1. Would you be able to say whether some residue in the stretch 108-116 is within 18 Å of GLU73 (Cβ to Cβ) and aromatic (Phe, Trp, Tyr)?
2. Can you name the condition, by its number, that ARG78 falls short on among (1) of a type outside the set (Phe, Trp, Tyr); (2) out of contact with any Asp or Glu (no Cβ under 8 Å at 6 or more places or on another chain); (3) under 25 Å from ASP159 (Cα atoms)?
3. Looking at SER4, SER51 in this structure, which one is over 20 Å from the mean Cα position of the chain (by Cα) and without any contact (Cβ under 8 Å) to a residue 60 or more places away in the chain?
4. Pick out, from the stretch 59-171, the helices (runs of 4 or more DSSP H) lying fully within it that include 2 or more residues that are within 24 Å of ILE42 (Cα to Cα) and either outside the structural domain of ASP14 (by TED's automatic domain parsing) or touching a residue at least 12 places away in the same chain (Cβ under 8 Å) (or both).
5. Applying the selection to the stretch 55-99, what residues are farther than 20 Å from THR114 by Cα, surrounded by 21 or more Cβ atoms within 10 Å (Cβ to Cβ) and not aromatic (Phe, Trp, Tyr)?
6. Being modelled with pLDDT under 90, under 27 Å from ARG22 (Cβ atoms) and in contact with a helix residue (DSSP H, G or I) (Cβ under 8 Å, 6 or more places away or on another chain), is that true of even one residue in the stretch 89-97?
7. Is the stretch 34-50 home to any residue that is assigned to a loop (DSSP other than H, G, I, E, B), within 30 Å of GLN165 (Cβ to Cβ) and either modelled with pLDDT of 90 or more or touching an Asp or Glu at 6+ places or on another chain (Cβ under 9 Å) (or both)?
8. What number of residues within the stretch 111-142 satisfy the criterion of being farther than 20 Å from GLN90 by Cβ and acidic (Asp, Glu)?
Amino acid sequence: MSTSKIIEGIKKGDFDRAELFRIRENAKTQLDKGKLDAKSVIDAIDQATPSDGHFVFMGFCPGADFKNRLDIEWKKKRICRFDFTQSEHQLRRFNEICTGDLVILKKREKFGETMRLFGHGRVSGVAYDEDQRRYLLMDWSKQAEEIEVPLMACNSTVDVKSIEQVSKEMPEVFFNWLKTV
């Protein structure tokens, strides 16, 4: 398939996240071989909305210390970052977040039982800083109400869940909270 056809399909939302990941890996291989048009495929994927959206429960307090909270800065700058590069599995999860995914800021409340949610926003795109570290461009909700809900996310800072899984496990108060502005 030609590069232009692939990019057209990416922009139309024809691919789910697994397909986009496979296309990205192939494009990286092609780019490493000197095929420069593969860069345009990677750029298109960075802005693509896959056909299957996800919820991302994102911790925002390095070291689980509320004094280190990053959410206020993220909301001002309209971004979301994950800079704990030592955790390869979490970095991989963060790098799989796509445009259109819903990021929910969370902090564990009662160990193993509940989490407190501090805000949410939709990923509007992907960008890279001067060190080529990926970060998310965000449309944060202005909603400031915090709620406590059953712990759905594991002990990870970055926890990606399917819409179906969240729909099954979260109480109605969670979905009402998402609707408030």
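The values are calculated or read from the model by the stated rules, or taken from the named source; none is laboratory data. Keep in mind that what you see is a predicted model, and the values were worked out from it rather than measured. Please note: Cβ atoms are built from the backbone with ideal geometry, for glycine as well, and neighbour counts cover all protein chains shown.
1. no
2. With (1) of a type outside the set (Phe, Trp, Tyr); (2) out of contact with any Asp or Glu (no Cβ under 8 Å at 6 or more places or on another chain); (3) under 25 Å from ASP159 (Cα atoms) applied to ARG78, the lone miss is (2).
3. Exactly one residue qualifies, and that residue is SER4.
4. So the answer is 88-95.
5. CYS80, ILE97, CYS98
6. Yes, that holds for at least one residue.
7. yes
8. The qualifying residues number 3.
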